[in-house]
Amino acid sequence: MLQDFPGRKPDEHVIMIIRKHPIVFISRVLVFLLISILPLAIFLYFWSRSYPIASGTLIGVTGYLIALMYFLGTLMALLISWLNEEFDLFILTDHRLIDITQINFLKREVAATPLSQIQDSTGDIQGFFGTLLNYGEIKIRTAAGRGSSFIIDRVPDPDILARKILNYAHESKEMHGVIEHEEAAPDNVTAEEGLQNI
């Protein structure tokens, strides 16, 4: 598990990292196979029958170079898409929640909120595949004002993770005296247990 990240405070410990569901990456690979490998294989099959590579004709070699450039272009698109999803995550520490959103290959937004500022955390599962594979969206609402929320989509077990985040926020508020003893969202995991698992 990631224990160190830029901007981590010396006394800050990572409790959990929330990443996208593996289906996100599987779907990227399937799209790559459909738009790259399959058409490329069909093209190369028919092209090699008309212009065998051994013939060395200019038009034959040009066709193979175009196919190679097409393959490299789609492979680059797959890698960029993969990285955009891989670097989109939540980091929950014992002090704050950090939302890292990869906008595109060269642009990333990082936002953080103290755990004591978290007011609500909800998990939402929609659609056939979301229900079947148990993935969805987590939305965190903070006390920082209107429109201040953190969202990460297509994460596994969004309901359970949303409850855990809310429980850690509740424990943080109790430790800092922000609230009196209210009931936390029902879950068996506490911040102390989460820190012991690190």
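Assorted remarks:
- Cβ pairs under 7 Å, 6+ apart, first in the range 1-26 and closer than 19 Å to Leu132 by Cα, second crowded, with 16+ Cβ neighbours inside 10 Å and of a type in the set (Lys, Arg): Lys20/Arg154; His21/Arg154; Val24/Arg154
- Matching entry among Lys139, Lys107 (being loosely packed, with under 13 Cβ neighbours inside 10 Å and at pLDDT 90 or above): Lys107
- Per-region count, the range 1-31, residues assigned to a loop (DSSP other than H, G, I, E, B) and not aromatic (Phe, Trp, Tyr): 15
- Which listed residue is modelled with pLDDT of 95 or more and at negative phi, from Asp120, Asp88, Asp159: Asp159
The values are calculated or read from the model by the stated rules, or taken from the named source; none is laboratory data. Everything quoted here is computed from the prediction, not taken from an experiment. All Cβ positions, glycine included, derive from the backbone under ideal geometry; neighbour counts span all protein chains shown.
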